[in-house]
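Okay, structure first, notes after.
The values are calculated or read from the model by the stated rules, or taken from the named source; none is laboratory data. Since the structure is predicted, the reported quantities are computational estimates derived from the model, not experimental observations. Glycine also receives a Cβ, built like all others from the backbone with ideal geometry; neighbour counts cover every protein chain displayed. When the accessible area is computed, the model is the full protein with side chains, heavy atoms only, and any ligands, DNA or RNA have been set aside. Shrake-Rupley method; radii C 1.70, N 1.55, O 1.52, S 1.80 Å.
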Amino acid sequence: MDYQILKPQSFGDIGVLTISRPKSLNALNSLFFTELLHFLDVVNTDEPYRVLILTGEGKAFVAGADIAEMVDLDSAGALRFSEKGQQILLMLEILPIPVIAAVNGYALGGGCELAMACDIRLASENALFGQPEVNLGLIPGYAGTQRLPRLIGLGNALKWILSGEPVDAREAYRLGLVQGVSPPEKLMDDAFKLARTIASRGPDAVKHAKRVMRKGIDLHFEKGMDLEKSYFAKQFEKEGEEGMKAFLEKRKPNW
Ligand code: CAA
């Protein structure tokens, strides 16, 4: 498939996926979702990367769902539109490898929701986050109402979504939505630095830790512990054995 909006690039074990529709501030249209679905399929099947970085071209990460596409939807169409976006972002969230959002600018509406479906968010100092849907007489439709309270707490999320006011990178960091803030010119370097660190660790350990945390957070605590111990045990089959031996033999592990 030839991508028109997505630009995938490989840097060894690290993939960078750039959303490239800068004239519309990378607004998410149906072609974007078709391409993302295909890309996720390839990543799941071929496993080309250990870590993926998602970013946007130009002054936006993503300025939201494409309002020009949404304006003609009736209620039944909006239900399908929301369902499709929710499902594809869920597929991104449950990708076995970690995904780092390098938020280079506007992350509004569906853009903020896309960033929230990633595992870790690093923001440029000039990034602006927000769920401005209420300004349009709408509410978030790509699971923002569900992910934001889990990430920053219900009170903060209610203030954020009900006011529709944007939040700058420092405030998003203070609230815990983003895990780092960088000068714009350093954002990708910082994202790569973190990606390389993660990619150097036990690949199955990284995948399994993500899976256990992602699944466990929605489970009863003791069910989460059950999940943890089963994956903890799995790691002793091969990778953990090598990692522990390497430590004791004072050498780098051979994953
Ligand atoms: N959908 C479609 N087009 C968009 C867009 C969007 N979400 N955001 C920006 N664009 C387009 C603009 O229409 C404009 O196109 P033209 O040049 O053809 O007029 C182009 O991108 C540049 O935008 P602006 O001229 O507005 O740029 P600006 O720098 O003056 O303002 C902005 C930037 C503050 C981000 C402003 O564009 C804006 O407010 N965008 C809309 C943000 C928004 O409301 N997002 C939520 C969408 S709803 C949603 O996402 C629902 C959901 O959860 C599923």
Problem - Spatial separation of Cα centroids for the range 4-67 and the range 68-96, in angstrom - result: 16 Å
Problem - Share of carbon and sulfur in the accessible heavy-atom surface of the chain [1.4 Å probe, %] - result: 57 percent
Handout entry: Relative contact order of the chain, defined on C-alpha pairs under 8 angstrom at six or more residues apart (%)
Key = 16 percent
Exercise for the section: Using only Cα atoms, tell me the angle between helix 154-163 and the longest principal axis of the chain; keep it within 0 to 90° and round to the nearest 10. Expected result: 30 degrees
Problem - 222 nm mean residue ellipticity, helices alone, for the chain (DSSP H n ≥ 4; -39,500 (n - 2.57); rounded to 500) - result: -15000 deg cm²/dmol
Exercise for the section: Return the whole-Å distance between the Cα centroid of the range 131-204 and the Cα centroid of the range 221-253. Expected result: 30 Å
Handout entry: Modelled label reach - D46, point 7 Å along Cα→Cβ, the range 1-21 residues with backbone N closer than 18 Å
Key = 1-19
Fill in the blank from the handout: With the charge dipole of the chain built from beta-carbon charges (+1 for Lys and Arg, -1 for Asp and Glu) about the Cα centre, the Cα from I139, I198, G12 projecting farthest to the positive end belongs to I198
Problem - For the range 203-248, accessible area per residue (1.4 Å probe, heavy atoms of protein chains only), Å² - result: 77 Å²
Exercise for the section: In nm, give the distance between the simple-model label positions of K23 and F232, each being 7 Å from the Cα along the Cα-to-Cβ direction. Expected result: 5.6 nm
Practice task
Rounded to the nearest 10 degrees, what's the angle between the helix 203-216 long axis and the longest principal axis of the chain, both from Cα atoms, 0 to 90?
Solution key: 50 degrees
Fill in the blank from the handout: For the pair N135 and H38, the simple spin-label estimate (label points 7 Å beyond Cα toward Cβ) gives in nm 3.3 nm
Exercise for the section: Measure nothing fancy, just the Cα-based angle from helix 75-93's long axis to the longest principal axis of the chain, in degrees from 0 to 90, nearest 10. Expected result: 20 degrees
